[in-house]
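Beneath this line is the structure, given in structure tokens, with notes to follow.
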Amino acid sequence: MKTLLAAVLVLLSLSVQAEDTELTKEQKLEALHLEGCQLNGLLAVEYMKMRQGGVAMSELTEFMSDSLNKALIIGAYKKPVWRAKANKDAAISEYGSEAMLSCLESK
């Protein structure tokens with residue numbers, strides 16, 4: 001999990017650095033917001049995978065040091081755990097989409 005988070009953060013920083021310098025400040029801020037929302041969605045997917053995989057919430061306390069991770073973890077653990085793989089996969093995908101949508105709407 002830590003490796004995944006580190007990889008996502010590195011990719012985000014590289015994509016921001018590679019942006020065209022011709023963009024206006026507003027366009028750059030919008031691009032950063034979109035990338036942040038994509039990260040929210042990816043984190044939500046990972047936390048829901050853990051939830052659906054039976055990982056105890058107490059094992060994730062080390063990731064609750066900031067309000068975003070804490071909210072995503074709590075949100076995942078408020079959802080039911082499904083038995084069927086298809087239901088688990090749907091719950092994972094939906095939670096990621098919900099997190100990204102919530103972020104996008106917050107601007």
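Computed from the coordinates by the stated procedures, all read-outs in this text should not be read as laboratory data. Not measured: the values here are computed from a predicted model. Glycine also receives a Cβ, built like all others from the backbone with ideal geometry; neighbour counts cover every protein chain displayed.
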Given the peptides 31-38, 60-67, arrange them by the average over their residues of other C-beta atoms within 10 Å, most packed first. 31-38, 60-67
Rounded, prolate or oblate: pick one for the stretch 24-105, where a ≥ b ≥ c are the square roots of the eigenvalues of its C-alpha gyration tensor, a/c under 1.5 means rounded, and failing that, prolate if a/b is larger than b/c, else oblate. oblate
What does a probe at Thr24 reach in the stretch 83-107, counting residues whose amide N is under 20 Å from the point 7 Å along Cα→Cβ? 107
Go through Lys25/Lys79; Lys70/Lys107; Lys85/Lys107; Lys25/Lys78 and tell me which ones have a Cα-Cα distance over 30 Å in this structure. Lys25/Lys79; Lys85/Lys107; Lys25/Lys78
Can you tell me the order of 22-29, 95-102 when each peptide is scored by its average per-residue count of other Cβ atoms within 10 angstrom, highest first? 95-102, 22-29
Modelling each spin label as a point 7 Å along the Cα-to-Cβ direction, I'd like the Glu98/Ser65 distance in nm, to one decimal. 2.7
